[in-house]
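Right, one structure below, let's go through it.
Rule-based calculations on the coordinates, nothing more; no lab input. Only a predicted model underlies this, so the values are computations on that prediction, with no experimental measurement involved. Here Cβ is always computed from backbone atoms with ideal geometry, including for glycine, and neighbour counts include all displayed protein chains.
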Amino acid sequence: MNYPTIALASSSPRRRELLAQLGVNYELVKADIDETPLPGESAVEYVQRLALAKAHAGLARLTTLLPVLGADTIVVVDNDILGKPTDFAEFRQTMQRLSGRSHQVVTAVALVSPVRQLQQLVTTQVYFRPLTEAEISAYWASGEPQDKAGGYGIQGLAAKFVQRINGSYTAVVGLPLCETEQMLQQWQESL
Ligand SMILES: Cc1cn([C@H]2C[C@H](O)[C@@H](COP(=O)(O)OP(=O)(O)OP(=O)(O)O)O2)c(=O)[nH]c1=O
């Protein structure tokens, strides 16, 4: 398949690796945005708004004419959005909430140009086995949770906590490859 060359508005190494897996040619563009939730905003509204905002921030900085891809991933439990943990206390609380039950990982992707916009939303159910206090402390000390939504990386040490998932593994890691590929195809076909 002949995909368009794109700009990736992301500083996430996981998103770069996933996009490279598709064989898409891309350049990187910076996209720093305010990630504060708006009052009354639902988790889905929030994650979609952020993916679009990242893509548009990238577009504003771009000096070429490439379409820009932005994505956002959040962990949701009982309708609460769990972001990246800032300290051990917050992380511990998050892990205690995720322990022995299921939660959702929601990833939104947006592909934009000045005249077009495509979006995808993927929700995955993730089931954690019960975690011990010792495991929670050891996981924090590994340094892995700090830059990740919900404080864990399914692709890393936290894989051992995951009993099963229902949905898209790549979406949990940060970029749903099946849906992203479809979006790129759709973009190319309608040029
Ligand atoms: C749940 C989960 C999240 N994550 C990561 C994916 C994202 O990088 C991060 C969620 O934060 P995001 O705010 O979506 O992304 P980011 O700040 O890392 O990168 P950018 O905004 O520049 O694109 O958490 C994993 O790597 N593994 C997981 O299992």
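Between region 117-191 and region 1-76, the C-alpha centres lie 16 angstrom from each other. Ranked by how many other Cβ atoms sit within 10 Å of their own Cβ, fewest first, the residues MET183, MET95 fall in the order MET183, MET95. Within the same chain, aspartates and glutamates fewer than 8 places from LYS30 are excluded, and of the rest, those with a Cα less than 20 Å from its Cα are GLU17, ASP72, ASP147. Around the amide H of LEU28, modelled in the peptide plane, lie the amide H atoms of LEU8, all under 5 Å away and 5 or more residues distant in sequence or on another chain. Seen from all directions on average, region 6-189 presents a Cα convex hull projection of 10.4 nm². Residues SER190, SER10, SER142, ranked from the fewest to the most other C-beta atoms within 10 Å, line up as SER190, SER142, SER10. Here the convex hull built on the C-alpha positions of region 14-89 has a volume of 131 cubic angstrom per residue.
Residues LYS160, LYS54 in ascending order of nearby Cβ atoms (within 10 Å, fewest first): LYS160, LYS54. Modelled this way, with points 7 Å down the Cα-to-C-beta line, the labels at ALA141 and GLN188 are 4.8 nm from one another. The dipole here belongs to the chain: it is taken about the Cα centre, uses +1 on the Cβ of Lys and Arg and -1 on the Cβ of Asp and Glu, and is about 280 debye.
Each principal axis of the Cα cloud of region 49-124 was taken in turn, and the coordinate range along them, longest first, works out to 47, 24, 14 Å.
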